[in-house]
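Take a look at the structure set out below.
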Amino acid sequence: MEDIQGPSQSVRAALVRGRTAVDAFTETWLSQGNATWAEETATDLLLMAVHPQLSYVSFTRHEEARVGADWLWWFVDAASDEAFGVLVQAKNLKKKGQRWHIDYNYNNGNQLESLLRASDLLKVPAVYALYCGDPVYRQELWCDQGHDGVMCTHNPRAGVSVLPTVLAAYLGGLYADSLAVASLHAAVPLEDLTTWEKQPWSHRGVVHDSAVLDLLTTPQQGPRLVAKRLLKILTDYWARQFAATSERVHSGLDLDDAVFTGGLSDDRGHYLRPHFSHVLRGLRRSLPPYVHEALETRHLPQGPEFMDLDGMAVAYV
């Protein structure tokens, strides 16, 4: 794993700082005999530790069971203003007896559905931020696969990891008894989102637009790299599904400021959304004006798509 120089390297260092703060909080919380920690507190500590590399504004917190969405994050290219947005909801890795659990099906699955509907309104992808504790907490979680030569269970970077929501839902149908382990392995550490991975893109046949193919097969930085990291996770699993095919209709995005406007496969396989358009709709030519407004006024923007947000965060990468 090699770091990108410049702003991305600074943001990665800040995200490491944020993950370390969350790990310290969860370790202290559990050492006092408490049960699982509060996701909201972990999120607050993460954001405070990442500041000032990440600017954020917190709105009045809503009832999460109804909302299904927490924070809207934007990664912005400081030179071009190109931006990638993602809707983030926190989930804890919990231990119940000898079993590990992540509650994606909270409120009978209504929360997950609400999260995806909210991401559709905002026209960005939805992801989970998984708070997994430090390696000591995870030491009894068995996983026989690694990331960059480090076992998932013992990977110090995995304390705060990111998993696309549509992949979490798909894994839930495959690994009922080991969903937490499957999630931890599939997720990417938050601090790795802005760094280049050396694994090549291996699914050229499913991309029919030269600009999108260039995004996926050449090294990227900033917002495009974050989008590519999420898209690669989804495509790796999608390619294993028997329903995946490159023969489905290919359409564009109905967004005036979308970076990519065509050549996106509508084939969703077993995902709840077509993953190419779900992810790449978050990649915009510039940061939406409502984000600037929110950071300046410290108030929730007007509109039904914003009413359930807990806050917004912006990182220049």
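The values are calculated or read from the model by the stated rules, or taken from the named source; none is laboratory data. Remember, predicted model here, so these are calculated numbers, not experimental data. Counting neighbours? That spans all protein chains shown, and the Cβs are built from the backbone with ideal geometry, glycine included. Ligands, DNA and RNA are stripped out before the accessible areas are found, and what is left, the full protein with its side chains, is counted by its heavy atoms. Shrake-Rupley method; radii C 1.70, N 1.55, O 1.52, S 1.80 Å.
Some observations on this one:
- Partnerless Cys - the chain, beta-carbon criterion under 4.7 Å: Cys132
- Solvent-accessible heavy-atom area per residue, rounded to whole Å², over the chain at 1.4 Å: 43
- Overall Cα dimensions of the stretch 43-144 - principal axes, largest extent first, Å: 48, 30, 29
- The HN-Hα couplings worked out from phi for the stretch 131-141 by the Karplus form 6.51 cos²θ - 1.76 cosθ + 1.60 (θ = phi - 60°) are 8, 9, x, 8, x, 5, 4, 8, 5, 9, 8 Hz, whole numbers, x standing for Gly and Pro.
- In Hz, Karplus ³J(HN,Hα) per residue of the stretch 308-317 (6.51, -1.76, 1.60; θ = phi - 60°; x = Gly, Pro): 9, 6, 7, x, 10, 9, 10, 10, 8, 10
- Value of [θ]222 nm, deg cm²/dmol, for the chain, DSSP H segments ≥ 4, -39500 (n - 2.57) each, nearest 500: -11000 deg cm²/dmol
- Heavy-atom accessible area with a 1.4 Å probe sorts Asp310, Asp257, largest first, into Asp257, Asp310.
- In sequence order, calculated HN-Hα J values of the stretch 267-277 (Karplus, 6.51, -1.76, 1.60; Hz; x Gly/Pro): 6, 9, x, 9, 7, 7, 9, x, 6, 5, 6
- Dipole magnitude for the stretch 268-316: about 380 debye, using +1 per Lys or Arg Cβ and -1 per Asp or Glu Cβ, origin at the Cα centre.
- Charges were assigned to the Cβ only: +1 to each Lys and Arg, -1 to each Asp and Glu. The resulting dipole of the chain about its Cα centre is roughly 480 debye.
- Shape descriptor for the chain: Rg over Rh equals 0.93 (Cα atoms; Rh from the Kirkwood inverse mean 1/r).
- Candidates Ser58, Ser286, Ser31, ranked by Gaussian network fluctuation over the chain, Cα under 10 Å, top entry: Ser31
- When the convex hull of its Cα atoms is projected in every direction, mean area for the stretch 267-317 (nm²): 5.1
- Counting protein heavy atoms only, the stretch 35-191 has 51 percent of its accessible area on carbon and sulfur, 1.4 angstrom probe.
- Cα centroid of the stretch 271-317 to Cα centroid of the stretch 101-122, whole Å: 17
- Cα-based Lys proximity count in the chain, under 22 Å, for pairs eight or more positions apart or on separate chains: 6
- The chain: antiparallel DSSP beta bridges as a percent of all, rounded to 5: 70
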